[in-house]
Amino acid sequence: MGTWTWFHKLSSPPHCYRIAGQLIPWFAIPAALLIVAGIYGGLVRAPADYQQGDAFRIIYVHAPAAWLSLMCYTVMAVAAAVGLVWRIKLAHALAAATAPIGASFALLCLATGSIWGKPMWGTWWTWDARLTSQLILLFLYLGYQALRSAYDDIGKADRASAVLAIVGVVNVPIIHFSVNWWNSLHQGSTVLRRGGPAMPASMLVPLILCFFGFTFLYAALACVRVRAEVLRRERNAHWLQDLAGRRGRTESAT
Amino acid sequence: MILATTAPLRAAGLVLRRDLALAFRRWEQVTHPVVFFLMVATLFPLALNPKPSLLADVAAGVVWVSALLSSMLALETLYRADVEDGTLEQLTLTGQPLALLLLAKTVAHWILSGLPLVLAAPVVAIAFGADAAANAVLMTAIALGTAVLSLIGSVGAALTLGSRRGSVLLSLLVLPLIMPVLIFGARATALAMHGESAEGPLWLLGALLILALTLTPFASAAAVRISLE
């Protein structure tokens with residue numbers, strides 16, 4: 001019973017707004033610490049790669065961005081499915097909040113990859129499998145956003161975009177497989193592979209810190225954006241006017 | 001109403017027959033996508049270079065890109081008229097399984113927009129200097145590919161029913177989803193044109209078709225209900 005009351009509390013907008021607000025520092029501060037530590041370790045402490053020199057250091061932004069662009073799509077699709085099945089508006093709000101973050105990470109991943117590719121492969125862009133499937137992922141995000149913005153009614157936009165997100169998430173592995181089959185030039189995975197990572201600890205530890213840091217960053221950003229979504233959806237609600245009134249009074253009192 | 005009381009499969013058959021009968025009375029719905037397909041294919045030699053060796057190299061890609069664009073264009077007509085005169089709403093109210101009725105509409109749409117492309121594709125391929133021996137593979141691949149496209153497109157068309165900007169939005173939604181079809185289809189065609197076995201990509205296209213056939217009707221039904229409410 002306990003978990004269900006907690007769940008119902010969370011799905012009411014005032015509680016969600018408050019809890020998301022309280023959670024922001026709990027995500028943002030670890031994110032800042034982990035990213036600073038990871039970037040310091042990666043850019044200053046880690047040795048230069050014997051083949052790629054200092055250019056490999058972009059991996060400390062590139063790989064976490066790639067991971068998050070995929071994770072965000074999964075979060076978005078799961079949230080959309082929960083919203084569609086159980087008609088929980090806040091799940092839709094989470095999906096709507098996650099899409100632009102995921103699109104930004106996909107773009108960041110493509111941009112850093114392209115900056116790395118220029119000195120390493122001698123070209124800004126090659127039609128390699130992983131690059132292309134990342135680009136298609138970005139297109140999927142853009143299609144989702146376009147569908148969302150095409151509806152004036154927020155409830156309709158929620159449900160229509162949820163169907164698209166679910167169709168998309170079924171398709172992502174197929175796209176990934178087909179593009180891999182089509183062409184592969186990208187270097188294989190270095191962290192998750194049989195026989196342990198092909199990286200010394202001094203390079204690997206900062207990368208892991210960055211992975212966790214970026215994930216916390218996503219959580220903090222999602223909280224901020226969910227709050228904004230709640231404000232947009234509930235702008236005429238009483239609890240919000242009460243909240244704004246109370247805040248106005250305390251501010252004028254001080 | 002007969003559609004409401006008959007068996008589901010018969011109801012689907014009635015929808016299919018109705019859509020085909022309507023299209024044969026408005027013949028341009030069938031011919032426009034084919035003309036568009038031929039025109040897009042004509043653009044490539046003009047834009048590139050009419051050198052026969054170059055054209056033979058790009059033939060498979062040109063046929064596929066033109067075919068996909070032309071079926072994208074045709075997708076818009078899948079539900080448009082039925083939404084405007086209220087038929088689609090009546091279909092949702094019959095009590096028949098909506099997914100099955102929409103599947104029948106999609107099959108009718110494929111017969112009207114995909115099948116003509118299957119027949120027109122070899123003409124373009126031969127005009128590009130491709131070997132005529134590859135035509136059987138090309139036609140099979142185009143048939144499978146346009147069928148998958150019609151199925152995935154039916155979800156996209158249903159999602160954009162209630163929105164303001166129809167056709168550009170529809171392309172934005174559907175094009176990223178159909179890239180596997182393009183990859184396998186164009187590869188099968190290219191392999192066949194080079195005289196190699198195209199079995200692998202053809203089986204993969206078939207697998208995509210079965211997957212799309214089992215899943216997309218339900219997504220279309222959900223999308224139509226959302227758009228019409």
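The numbers here are math on the coordinates, done by the rules we state, and not lab data. For clarity, every value in this text was computed on a predicted model and none was experimentally measured. Cβ sites come from the backbone with ideal geometry, for glycine too, and all protein chains shown count toward neighbours.
Odds and ends about this structure:
- Virtual paramagnetic centre 7 Å along Cα→Cβ of A:A201, amide N under 15 Å, in the stretch A:31-59: A:46-47
- Counting other Cβ atoms within 10 Å as a rough exposure proxy, the listed residues A:F105, B:F24 run B:F24, A:F105 from fewest neighbours to most.
- In the frame of its principal axes, chain B has Cα extents of 59, 32, 31 Å, reported largest first.
- Charges were assigned to the Cβ only: +1 to each Lys and Arg, -1 to each Asp and Glu. The resulting dipole of the protein assembly as shown about its Cα centre is roughly 1220 debye.
- Dipole magnitude of the stretch B:8-228, debye to nearest 20 (Cβ charges: Lys/Arg +1, Asp/Glu -1, about Cα centre): 400 debye
- The simple Förster model, with R0 at 51 Å and r as the Cβ-Cβ distance, assigns B:Q90 and A:W239 a FRET efficiency of 0.75.
- Selected from B:S154, B:V123, A:A46, residue furthest toward positive end of dipole (the protein assembly as shown; charges at beta carbon): A:A46
- Net length gained if the chain between B:E229 and B:A127 were fully extended (0.36 nm per residue, minus Cα distance): 31.9 nm
- Part-to-part distance (alpha-carbon centres) for the stretch A:224-239 and the stretch B:1-79, which is given in Å: 45 Å
- Here the label points at A:A111 and B:L9, each 7 Å from Cα along the C-beta direction, are separated by 5.7 nm in the simple model.
- Between B:L119 and A:R18, the distance separating the two model label sites (each 7 Å from Cα on the Cα→Cβ line) works out to 6.9 nm.
- Relative counts (whole %) of C-alpha pair distances in the protein assembly as shown, using bins that are 10 Å wide: 4, 17, 24, 23, 18, 10, 4, 1, 0
- Once the Cβ-Cβ distance of A:R247 and A:A32 is raised to the sixth power relative to R0 = 30 Å, the FRET efficiency obtained is 0.70.
- The stretch A:102-152 versus the stretch B:153-229: alpha-carbon centroid distance in Å: 21 Å
- Taking a point 7 Å out from the Cα of B:E28 in the direction of its Cβ, the residues of the stretch B:105-122 whose backbone N falls within less than 18 Å of it are B:113.
- Residues A:M76, A:M120, sorted so that the one with the fewest Cβ neighbours within 10 Å comes first: A:M120, A:M76
- Hydrophobic, long helices, defined as DSSP H runs whose alpha-carbon span along the helix axis is 30 Å or greater and whose mean Kyte-Doolittle value is at least -1.0, occur in chain B at B:52-75, B:98-127, B:135-159, B:199-228.
- Once both labels are positioned 7 Å from their Cα atoms along Cα-to-Cβ, the gap between B:A81 and B:D57 label points is 4.4 nm.
- Förster radius 35 Å - calculated FRET efficiency between A:T74 and A:Y50, Cβ distance, rounded to 0.05: 0.50
- For chain B, the mean residue ellipticity at 222 nm estimated from helices alone is -27500 deg cm²/dmol, where every DSSP H run of n ≥ 4 contributes -39500 (n - 2.57) and the total is divided by all residues, rounded to the nearest 500.
- Estimated from helices alone, the mean residue ellipticity of chain A at 222 nm is -27500 deg cm²/dmol (sum of -39500 (n - 2.57) over DSSP H runs with n ≥ 4, per residue).
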